[in-house]
Amino acid sequence: MKIGVLALQGAFREHCWMLEGCGVTAVEIRKPEELDGVDGLIIPGGESTTIGKLMMEWGLLDKIKLRVDQKMAVYGTCAGMILLAKEIKDSNQPRLGIMDIVVRRNAFGRQRESFEADMTVPEFGAESLKAVFIRAPYIEEAGKDVKVMARVHNKIVIARQNNILVTAFHPELTKDDRIHQYFISMTKNA
């Protein structure tokens with residue numbers, strides 16, 4: 001199995017290392033045609049406006065939408081969650097807009113308000129999950145087909161809609177691979 005990691009900007013290398021540690025081949029994606037050879041795609045954290053502009057400039061927006069329509073699994077972390085959202089509060093930046101969620105950028109605060117939190121996510125087992133929030137967004141509204149999987153400070157931070165998974169935090173910055181394993185399972189079943 002091959003999972004692509006959008007490698008335009010942000011924490012793509014850390015996702016590649018995490019995937020390789022899970023026994024999956026990770027492929028850095030920079031061009032639309034590279035999406036043809038992967039079974040799933042991770043859109044990493046970073047700067048969502050920059051990633052969105054680069055995706056548009058390099059012709060990746062339409063190709064990713066097409067592949068997701070063809071049931072390819074996609075996982076967005078932090079900026080990736082913003083780019084997948086149908087609506088971004090107070091922003092008209094380029095985005096995929098394919099998940100029925102409304103997100104707020106930098107919702108927990110600026111860089112100095114970054115934090116870690118422990119949460120229990122039934123889909124990932126009984127052991128608590130440590131989450132690293134860096135200038136993190138959160139989901140303000142989720143459509144009826146969106147499954148809310150976890151909250152922090154009563155804000156939605158993990159959600160899934162069919163073959164799309166999002167987290168407001170950076171699991172690739174921890175040693176816990178359960179979210180990546182969950183996404184790998186989603187990819188196999190897509």
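The values are calculated or read from the model by the stated rules, or taken from the named source; none is laboratory data. Not measured: the values here are computed from a predicted model. Because the Cβ atoms are built from the backbone with ideal geometry, glycine has one as well, and the counts that use them run over all protein chains shown.
Taking the conditions (1) at pLDDT below 95; (2) on the phi > 0 side of the Ramachandran plot in turn, A11 satisfies each one other than (2). Under 9 Å by Cβ, and 6 or more places apart or on different chains, what pairs join a residue from the stretch 27-45 that is closer than 22 Å to Y182 by Cβ and in contact (Cβ under 8 Å) with a residue 60 or more places away in the chain with one that is outside any helix (DSSP H, G or I) and of a type in the set (S, T, Y)? Between residues of the stretch 27-45 that are closer than 22 Å to Y182 by Cβ and in contact (Cβ under 8 Å) with a residue 60 or more places away in the chain and residues that are outside any helix (DSSP H, G or I) and of a type in the set (S, T, Y), the close pairs are G40/Y75; I42/Y75; I42/T77; P44/T77; G45/T77. For the stretch 151-190, filtered to residues that are more than 18 Å from A73 (Cα to Cα) and more than 14 Å from the chain's Cα centre (by Cα), the residue that is surrounded by the most Cβ atoms within 10 Å (Cβ to Cβ) is V152.
No other residue among F115, F108 is of a type in the set (F, W, Y) and surrounded by fewer than 16 Cβ atoms within 10 Å (Cβ to Cβ) apart from F115. Note on the stretch 1-33: residues that are buried (at least 17 other Cβ atoms within 10 Å of the Cβ) and assigned to a helix (DSSP H, G or I) total 7.
Against the list (1) part of a helix (DSSP H, G or I); (2) modelled with pLDDT under 95; (3) under 13 Å from the mean Cα position of the chain (by Cα), the condition T49 fails is (3).
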